[in-house]
Structure formats: structure tokens, C-alpha cells
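The values are calculated or read from the model by the stated rules, or taken from the named source; none is laboratory data. Values in this document were obtained by computation on a predicted structure and should not be read as measured data. Methodologically, a virtual Cβ is constructed for each residue, glycine included, from the backbone with ideal geometry; neighbour enumeration extends over all protein chains shown.
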Amino acid sequence: MIHRKTAARLVKAFRSGSSLPVLIETDEGELFVIKWHNTGEGAIECISDWIWLNLASCLAVPVPAAEIILIPTELAEQAVDGELKELMVKSAGLNLGIRYFDSARPWRAEDWPQTLVSTRERIFLFDLLILNIDRTERNPNMLMNHHELLCIDFSASVQVRMAASGRSISEDSCLVWLRQHPFYSQTMSYTTFQDAAASAAEMIPSVIAALPDGWLSEFGDPEQTRAGLRRHLNDLLTDPTAVIHRRLEKLVNIPYESVEMLRRRVKQNSRQFQEKYGLNRMRSEPRKQSGE
């Protein structure tokens with residue numbers, strides 16, 4: 001039986017994100033930031049974070065500890081905000097908990113000199129390996145705890161999304177976003193994870209087994225989803241060097257675009273697609289009544 005921690009007290013709510021994360025204290029007196037399984041894009045965010053927060057340390061990527069936390073329904077009574085109370089009731093049960101550090105603050109560009117080159121390279125190459133497309137200069141998703149850098153939020157890992165859903169996503173479309181990574185450099189030494197991949201692969205069965213059925217059920221049968229995740233992750237860690245080198249070669253030829261430019265281009269492409277296939281016209285035309 002997998003031991004899980006139980007939330008005993010709602011300490012505070014963070015108003016910085018749309019997913020309404022909260023800080024809770026467990027019945028053992030530990031503090032965790034809770035990421036809800038029933039908000040945002042759904043449980044895939046918790047699944048992805050749980051997997052990579054557990055495997056990252058095997059690959060010497062600095063991350064906080066993660067736990068699966070039981071949130072009792074009655075804990076919602078401690079919430080003052082009505083929207084948060086509703087979310088806590090809806091997400092009661094098992095949710096993702098990330099260790100909280102009272103002294104931690106967001107990583108900033110001025111922290112660059114304190115960050116070792118080897119650490120910067122390892123973080124970038126890890127994100128490249130798992131296709132984590134949500135670490136940019138504007139949104140680094142990193143913390144500084146005293147002088148220790150910690151990476152958080154791997155929920156945008158495309159590798160896990162493909163493994164869970166069984167759908168294929170273009171690698172090239174992901175690399176465009178990875179070109180925004182604050183630690184990408186064409187002159188890096190290209191350290192790989194081949195030496196540590198075996199130890200990370202050994203952890204895959206226990207990490208996947210710990211995923212709650214409720215998180216996996218939105219993709220179908222939980223056991224089949226677990227099997228797909230295990231297979232996909234084992235394949236990825238069999239020869240990470242080859243995967244990394246192939247993607248690095250592609251990245252060299254991708255020009256840098258700001259996040260604003262990328263979003264504008266994606267929007268324009270979407271508009272052109274709609275105009276080409278008459279989707280805008282179909283939406284704007286009034287529906288004909290029967291008999292007209």
C-alpha cells in the first residue's frame with residue numbers, strides 16, 4: 001500500500017495563478033503547495049509534474065520533493081473565497097503536493113551569475129529531453145531557495161502528454177518554444193544523461209504505480225494508461241543521448257522569436273486556416289430555420 005500524506009490545515013491561498021494553488025499543512029506538520037487535479041487542463045498537469053519531479057533528481061536536475069496529498073472534503077470549510085471553496089470540494093481526494101520553502105523566491109535574470117554553467121546546461125537538456133515547452137525568460141518556473149536553484153512545474157511536458165493520450169505531437173512545433181528557454185546556448189558542452197538514465201529508468205515502475213486511478217481515468221482504463229506511460233518513458237530513457245543530439249541539431253536552425261511574436265504567428269496561422277476553409281463564414285452565418 002502506498003503511504004500518502006493528509007492535509008490537516010489550509011494555511012493560505014496563492015492568487016498568482018488561474019489554477020488557485022494553496023498552501024496546506026499536513027497532519028505531520030509539513031508544508032506543501034497543492035496543485036489540483038480537477039482544474040486547468042485536468043489531471044495531466046499533476047501526472048506530468050509527479051513523474052518528472054520524481055525522476056529529475058536521478059538526473060541531477062534540482063527539484064523540490066513531491067508527494068500525493070489527500071485533501072479531505074471538509075478542508076474546504078477553511079476557505080474564505082467562494083471560488084476556492086468550490087474548487088476544493090470538486091478536487092477533494094488525491095492531489096499533487098510540492099514541498100514549500102518559506103524563504104524561496106522566483107528565479108530572476110540577475111541570478112544567472114550564481115547559477116553554475118553545468119546546472120544551466122543540465123536543466124536545459126532535461127527540458128529538451130522531456131519537451132517541456134513552458135520554461136522561458138518571462139516564465140522561468142524556477143525558484144531560488146537561499147543559494148539553491150530549484151526547478152518547478154513540468155506540467156507542459158509534451159512527452160507525458162503524448163504517452164498518456166496516445167496522440168502524436170510534432171517535435172518541431174515543440175522545439176520552436178524550447179528556443180525560448182533561458183538556458184539555451186549554441187556553445188554548451190552538451191552534457192547528456194546516459195550515465196544516469198539507468199537509475200532513472202529503475203524508478204519508472206514505482207513512480208507510475210503511485211499515480212492515482214482518478215488522475216488516469218480521464219484517458220481511459222488506468223492500467224492501460226500506466227502501461228503506455230511506462231513503455232514511453234522507458235523508450236525515452238533507453239538512449240537519451242541520441243534524442244538530445246537529434247533535437248539540438250534541429251534547434252541550431254530555428255531562429256529566435258520572442259514569445260509575443262510566436263503567439264502572434266500562431267494566431268495568424270489559425271486565422272488563415274479558418275479563412276481558407278471557410279470556418280469563420282460558417283460560424284457567422286445564421287442557422288436556417290426548417291422550412292426556409
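Which of the residues belonging to region 150-184 are buried (at least 22 other Cβ atoms within 10 Å of the Cβ) and part of a strand (DSSP E or B)?
Result: C151, S157.
Name the residues in region 134-148 that are of a type in the set (A, V, I, L, M, F, W, C) and either at positive phi or surrounded by fewer than 19 Cβ atoms within 10 Å (Cβ to Cβ) (or both), would you?
The initial filter retains those residues of region 134-148 that are of a type in the set (A, V, I, L, M, F, W, C), namely 142-144.
The answer is M144, and nothing else.
What pairs come up if the first residue lies in region 192-211 and is in contact (Cβ under 8 Å) with a residue 60 or more places away in the chain, the second is surrounded by fewer than 16 Cβ atoms within 10 Å (Cβ to Cβ) and among the aliphatic types (A, V, I, L, M), and their beta carbons are under 9 Å apart, counting only those six or more places apart or on different chains?
Note: pairs meeting the criteria are F193/A60; A196/A60; I208/A227; A209/I2; A210/I2.
What are the residues in region 25-38 that are in a strand (DSSP E or B) and more than 10 Å from G97 (Cβ to Cβ), if any?
Residues of region 25-38 that are in a strand (DSSP E or B), as a first pass: 25-26, 31-35.
Within region 25-38, E25 is the sole residue that qualifies.
To keep it simple, each residue is scored yes or no on (1) surrounded by 21 or more Cβ atoms within 10 Å (Cβ to Cβ); (2) touching a helix residue (DSSP H, G or I) at 6+ places or on another chain (Cβ under 6 Å); (3) among the acidic types (D, E); (4) not in a loop (DSSP other than H, G, I, E, B).
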position	(1), (2), (3), (4)
V11	no, no, no, yes
S19	no, no, no, no
L23	no, no, no, yes
G40	no, no, no, no
E45	yes, no, yes, yes
D49	yes, no, yes, yes
N54	no, yes, no, yes
V63	yes, yes, no, no
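Just give me the residues in region 101-138 being part of a helix (DSSP H, G or I) and of a type in the set (K, R), in sequence order. Don't jump to the end; show me each part of the working.
The first filter runs over region 101-138 and keeps only residues part of a helix (DSSP H, G or I), leaving 109-114, 117-130.
Answer for region 101-138, where residues must be part of a helix (DSSP H, G or I) and of a type in the set (K, R): R120, R122.
Would a scan of region 104-126 turn up a residue that is surrounded by fewer than 17 Cβ atoms within 10 Å (Cβ to Cβ) and on the phi > 0 side of the Ramachandran plot?
No, region 104-126 has no match at all.
Each row is one residue, and each column tells you yes or no for (1) modelled with pLDDT of 90 or more; (2) touching a strand residue (DSSP E or B) at 6+ places or on another chain (Cβ under 8 Å); (3) surrounded by fewer than 17 Cβ atoms within 10 Å (Cβ to Cβ).
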{"residue": "Q186", "(1), (2), (3)": "no, no, yes"}
{"residue": "W215", "(1), (2), (3)": "yes, yes, no"}
{"residue": "G220", "(1), (2), (3)": "yes, no, yes"}
{"residue": "L237", "(1), (2), (3)": "yes, no, no"}
{"residue": "R263", "(1), (2), (3)": "no, no, yes"}
{"residue": "L279", "(1), (2), (3)": "no, no, yes"}
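Do we find a residue being among the hydrophobic types (A, V, I, L, M, F, W, C), free of Cβ contacts under 8 Å to residues at least 60 places away in the same chain, touching a strand residue (DSSP E or B) at 6+ places or on another chain (Cβ under 9 Å) and assigned to a helix (DSSP H, G or I) anywhere in region 91-100? Walk me through it before giving the result.
Here is the first cut: in region 91-100, the residues among the hydrophobic types (A, V, I, L, M, F, W, C) are 92, 94, 96, 98.
Now drop any that are not free of Cβ contacts under 8 Å to residues at least 60 places away in the same chain, which leaves 92.
With the extra rule that they be touching a strand residue (DSSP E or B) at 6+ places or on another chain (Cβ under 9 Å), the set shrinks to 92.
The next check asks that each one be assigned to a helix (DSSP H, G or I); those that pass are none.
No, there is no match, as no residue in region 91-100 is among the hydrophobic types (A, V, I, L, M, F, W, C), free of Cβ contacts under 8 Å to residues at least 60 places away in the same chain, touching a strand residue (DSSP E or B) at 6+ places or on another chain (Cβ under 9 Å) and assigned to a helix (DSSP H, G or I).
So that you can scan it fast, the table gives a plain yes or no per residue for (1) out of contact with any Asp or Glu (no Cβ under 6 Å at 6 or more places or on another chain); (2) modelled with pLDDT of 95 or more:
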residue	(1), (2)
D134	yes, no
N139	yes, no
C151	yes, yes
F154	no, yes
R179	yes, no
Y190	yes, no
P212	yes, yes
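Could you list, in sequence order, the residues of region 132-176 that are among the hydroxyl-bearing types (S, T, Y), closer than 30 Å to Q224 by Cβ and touching a helix residue (DSSP H, G or I) at 6+ places or on another chain (Cβ under 8 Å)? Please lay out each step first, then the result.
Looking only at region 132-176, we keep the residues that are among the hydroxyl-bearing types (S, T, Y), and these are 136, 155, 157, 165, 168, 170, 173.
After this cut, where a residue has to be closer than 30 Å to Q224 by Cβ as well, the list is 155, 157, 165, 168, 170, 173.
Once the filter is applied, which keeps residues that are among the hydroxyl-bearing types (S, T, Y), closer than 30 Å to Q224 by Cβ and touching a helix residue (DSSP H, G or I) at 6+ places or on another chain (Cβ under 8 Å), region 132-176 yields S155, S157, S165, S168.
Scan region 102-127 for residues that are closer than 27 Å to V160 by Cα and without any contact (Cβ under 8 Å) to a residue 60 or more places away in the chain and report the count. Reasoning before the result, please.
First, pick out the residues of region 102-127 that are closer than 27 Å to V160 by Cα: 106-107, 118-127.
When the remaining residues are screened for being without any contact (Cβ under 8 Å) to a residue 60 or more places away in the chain, the result is 106-107, 119, 127.
The total comes to 4.
Looking only at residues in region 239-261 that are surrounded by 12 or more Cβ atoms within 10 Å (Cβ to Cβ), modelled with pLDDT under 90 and hydrophobic (A, V, I, L, M, F, W, C), which one is nearest to M188 (Cα to Cα)?
Filtering first and then ranking leaves I254.
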